[in-house]
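Student: Have a look at this one before I ask anything.
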């Protein structure tokens, strides 16, 4: 969740999102837009529930920014349920560049097993880069230089994997491009078992290193 003045953006909507929104006291109808990185269930599993909740609460149409296949999936699922087809209001936007309130949004493709987008969000005072699921790559890390980078770190050091990130393959890029703050997210349990080592590996290359947790907040 990104909050800027009166604008509320939700980046991805995986399973458990509705429950966590309730814990924060944010009404589903207060959301201005949802940005979906890709169609895997841990990134959009609660989206249909969110759309239904907005309908039941009398909300208006929700803008969802996403790759084209996400829109296809949303509308195919809605087709299964006539009562949702008649009542749910959603606008899927696939444009890679947009302005949401005073926030400029740009998306770029990542390196993943399915089509996936990273999101670069920028206002007059800050810039935040969300990696989505990906291997680290130059074009993304360049955009985070001197800014806030929220990057996945699914697996522990020295783990052999493609389409995702380990701390050692992320380290070579942040040494070159040095984001001001690094927030590690999408941490699988096997990565969290190595938390202390990951902290030692990465903390010297950024001013602030944060391990993302549900309900944790920080200022940008």
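Okay, residues lined up against (1) surrounded by 18 or more Cβ atoms within 10 Å (Cβ to Cβ); (2) in contact with a helix residue (DSSP H, G or I) (Cβ under 8 Å, 6 or more places away or on another chain); (3) free of Cβ contacts under 8 Å to residues at least 40 places away in the same chain; (4) under 30 Å from residue 25 (Cβ atoms):
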| site | (1), (2), (3), (4) |
| --- | --- |
| 146 | no, no, yes, no |
| 153 | yes, yes, no, yes |
| 163 | no, no, no, no |
| 168 | no, yes, yes, no |
| 173 | yes, yes, yes, no |
| 199 | no, no, yes, no |
| 210 | no, no, yes, yes |
| 214 | no, yes, no, yes |
| 218 | no, no, yes, yes |
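Student: On to the next question. If I ask for residues that are more than 17 Å from residue 70 (Cβ to Cβ) and either touching a helix residue (DSSP H, G or I) at 6+ places or on another chain (Cβ under 6 Å) or in a loop (DSSP other than H, G, I, E, B) (or both), which ones from the range 97-111 would you list?
Tutor: Matches in the range 97-111: 101, 102, 111.
Okay, residues lined up against (1) assigned by TED's automatic domain parsing to the domain that holds residue 212; (2) assigned to a strand (DSSP E or B); (3) at positive phi; (4) touching a strand residue (DSSP E or B) at 6+ places or on another chain (Cβ under 7 Å):
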residue: 69; (1), (2), (3), (4): no, no, no, no
residue: 83; (1), (2), (3), (4): no, no, no, no
residue: 86; (1), (2), (3), (4): no, no, no, no
residue: 142; (1), (2), (3), (4): yes, no, no, no
residue: 146; (1), (2), (3), (4): yes, no, yes, no
residue: 155; (1), (2), (3), (4): yes, no, no, no
residue: 165; (1), (2), (3), (4): yes, no, no, yes
residue: 168; (1), (2), (3), (4): yes, no, no, no
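Student: Give just the number: which of (1) within 23 Å of residue 177 (Cα to Cα); (2) within 15 Å of the chain's Cα centre (by Cα); (3) not in a helix (DSSP H, G or I) does residue 125 not satisfy?
Tutor: Of everything listed in (1) within 23 Å of residue 177 (Cα to Cα); (2) within 15 Å of the chain's Cα centre (by Cα); (3) not in a helix (DSSP H, G or I), residue 125 misses just condition (2).
The values are calculated or read from the model by the stated rules, or taken from the named source; none is laboratory data. Worth saying up front: this structure is predicted, and the values here are computed from it rather than measured. For neighbour counting, all protein chains shown are included, and Cβ atoms are generated from backbone atoms with ideal geometry for every residue, glycine included.
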